[in-house]
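Read the structure below first, then the notes.
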Amino acid sequence: MAHVRLNGLSKSYGKVDVIKDVSLDIEDGEFVVLIGPSGCGKSTLLRMIAGLESISAGTLEIGGAAMNDVPPRDRGISMVFQSYALYPHMSSADNMSFSLRLAGEEEAQRRSKVDRAADILGLGPYLDRLPRQLSGGQRQRVAMGRAIVRKPEVFLFDEPLSNLDAKLRVKMRAELKELHQKLRTTTIYVTHDQVEAMTLADRIVVLRDGEIEQIGTPQEIYSRPINPFVADFIGTMNFLAGIAGGQDKVRVGDIELATSNGLDDIQEDDAITVCIRPEDVATRGVTPDTENAVPTVIETLEFLGSFYRASLAVQDAGETTIRADFSINLVRDLDIKEGQEFTVALPSDHIRVYGEIFTHADDLI
Ligand code: ADP
Ligand code: MG
């Protein structure tokens, strides 16, 4: 195992800067997830760590040693890609031991390493099968086995589950987590899937246009996103356009809201964005006198199995809508229906205010 240190890493293709001054310290044994929209530079950064792309500026260390000029095979890393590209004419065992054979390892040693990896991944019964005789999940497991047998200091994964169907992805996600708990190998994992990031990561790194927006535990990123971009990318968020008032107050249309988060650097009358997550909207026991009560009309009420997601038209704020989660019990107890008036509250400690106007990507379509 090894720690990985990225110090001011940059990558340019001609005049285009794809990775811009990225610094990141990854602890020994840590599982770090790089997440961001398509094209933000996730794969490029991972390939720079692997040695598959050159580094334009900055330094990379693995286990305390400078790596900028070390070839990929000597970096102590194993990489698993989205397309796992197994050799079609080789058995699972041979696919897994191929790199060991290239490195000149003896048959007995190769066999024991493959058996150990097969054991970890539950591939024992499939070692003699060809890739075409395996399911998608089993093939991906062979690709992981190929990475494990080399006993790397660092695992690099580039969207390894993207080619699997939804059910299998959930299963493999759990297996990856188990694998990390067993091996404790330092892992850098690229995805654009927020659920993968939340469930797998010790820390999440949110990237945008080749730069780090925020680094934090899943809990930190979810509950204290540093800006609307991060808030939008992880989880579901309501964005309400408003104006800053004085004294910890904001206005959304004709509604005045008290808030305890985020007004420090904002001047009165500045345009702001008010954020609150659907599950944080208070729905039970709200009266017009409740703090930050907001009268609405229920536009839609979607049944999502364990709760309802309501879309609420805010009455005194133009076109503003708020998504809010209603419990099954609440909907049943109050016989809530679409078209009804309903007052919710936006608890002041759950509101976050950002001093910028944010347009949700979907709203631009
Ligand atoms: P991601 O993995 O986050 O989707 P990539 O790292 O693949 O993003 O790409 C980041 C950016 O770098 C993209 O804008 C892409 O077009 C650009 N890029 C990647 N590889 C090259 C290359 N070989 N030459 C020029 N531009 C590239
Ligand atoms: Mg990519």
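The values are calculated or read from the model by the stated rules, or taken from the named source; none is laboratory data. Here the structure is a predicted model, which means the values were calculated and not measured. Glycine also receives a Cβ, built like all others from the backbone with ideal geometry; neighbour counts cover every protein chain displayed. Heavy atoms of the whole protein, side chains included, go into the accessibility calculation; ligands, DNA and RNA do not. Shrake-Rupley method; radii C 1.70, N 1.55, O 1.52, S 1.80 Å.
Table: residues versus (1) open to solvent by 30 Å² or more (accessible area, probe 1.4 Å); (2) assigned to a loop (DSSP other than H, G, I, E, B).
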residue: 240; (1), (2): no, no
residue: 257; (1), (2): no, no
residue: 260; (1), (2): yes, yes
residue: 264; (1), (2): yes, yes
residue: 268; (1), (2): yes, yes
residue: 272; (1), (2): no, no
residue: 288; (1), (2): yes, yes
residue: 294; (1), (2): no, no
residue: 299; (1), (2): yes, no
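For segment 52-74, does any single residue satisfy the condition of being in contact with an Asp or Glu (Cβ under 6 Å, 6 or more places away or on another chain) and not in a loop (DSSP other than H, G, I, E, B)? The answer is no, given that none of the residues of segment 52-74 is in contact with an Asp or Glu (Cβ under 6 Å, 6 or more places away or on another chain) and not in a loop (DSSP other than H, G, I, E, B).
Only one of these is over 24 Å from residue 226 (Cβ atoms) and touching a strand residue (DSSP E or B) at 6+ places or on another chain (Cβ under 7 Å): 306, 311. Name it.
Numbers: 306 fails: touching a strand residue (DSSP E or B) at 6+ places or on another chain (Cβ under 7 Å).
None of the others qualify; the one that does is 311.
I'd like the residue in segment 26-44 that is within 11 Å of residue 205 (Cβ to Cβ) and in a strand (DSSP E or B) and, out of all such residues, is farthest from ligand 2 (Cβ to nearest atom). Within segment 26-44, the match that is farthest from ligand 2 (Cβ to nearest atom) is 26.
Which residue, of 171, 167, 182, 151, is basic (Lys, Arg), free of Cβ contacts under 8 Å to residues at least 24 places away in the same chain and out of contact with any Phe, Trp or Tyr (no Cβ under 9 Å at 6 or more places or on another chain)? I'd like the intermediate steps shown before the answer.
On the way: 171 fails: free of Cβ contacts under 8 Å to residues at least 24 places away in the same chain; 182 fails: free of Cβ contacts under 8 Å to residues at least 24 places away in the same chain; 151 fails: free of Cβ contacts under 8 Å to residues at least 24 places away in the same chain.
Going through 171, 167, 182, 151 in turn, the sole match is 167.
If I ask for residues that are surrounded by fewer than 16 Cβ atoms within 10 Å (Cβ to Cβ) and in contact (Cβ under 8 Å) with a residue 24 or more places away in the chain, which ones from segment 189-209 would you list? Residues satisfying the conditions are 199, 202, 209. If the condition is being more than 8 Å from ligand 1 (Cβ to nearest atom) and either out of contact with any Ser or Thr (no Cβ under 7 Å at 6 or more places or on another chain) or open to solvent by 40 Å² or more (accessible area, probe 1.4 Å) (or both), then segment 13-31 contributes 15, 17, 20, 21, 22, 23, 24, 25, 27, 28. Going by the conditions given, is residue 56 surrounded by fewer than 17 Cβ atoms within 10 Å (Cβ to Cβ), within 16 Å of ligand 1 (Cβ to nearest atom) and either among the aliphatic types (A, V, I, L, M) or at pLDDT 95 or above (or both)? Spelling it out, residue 56 is indeed surrounded by fewer than 17 Cβ atoms within 10 Å (Cβ to Cβ), within 16 Å of ligand 1 (Cβ to nearest atom) and either among the aliphatic types (A, V, I, L, M) or at pLDDT 95 or above (or both).
Just the residues that are away from ligand 2 (no atom under 16 Å from the Cβ), of a type in the set (A, V, I, L, M) and touching a residue at least 60 places away in the same chain (Cβ under 8 Å), please, taken from segment 45-78. If the condition is that a residue be away from ligand 2 (no atom under 16 Å from the Cβ), of a type in the set (A, V, I, L, M) and touching a residue at least 60 places away in the same chain (Cβ under 8 Å), then 62, 77 are the ones that fit.
Scanning segment 301-348 for residues that are among the polar types (S, T, N, Q) and under 22 Å from residue 359 (Cα atoms) yields a count of 4. When residue 104 is tested against (1) closer than 20 Å to residue 171 by Cα; (2) without any contact (Cβ under 8 Å) to a residue 24 or more places away in the chain, exactly one condition is not met: (1).
Considering segment 99-129 alone, what residues qualify as being open to solvent by less than 50 Å² (accessible area, probe 1.4 Å) and either under 12 Å from residue 150 (Cα atoms) or aromatic (Phe, Trp, Tyr) (or both)?
The initial filter retains those residues of segment 99-129 that are open to solvent by less than 50 Å² (accessible area, probe 1.4 Å), namely 99-100, 105, 110, 113-114, 117-118, 120-124, 127.
Correct list: 99, 100, 105, 110, 113, 114, 117.
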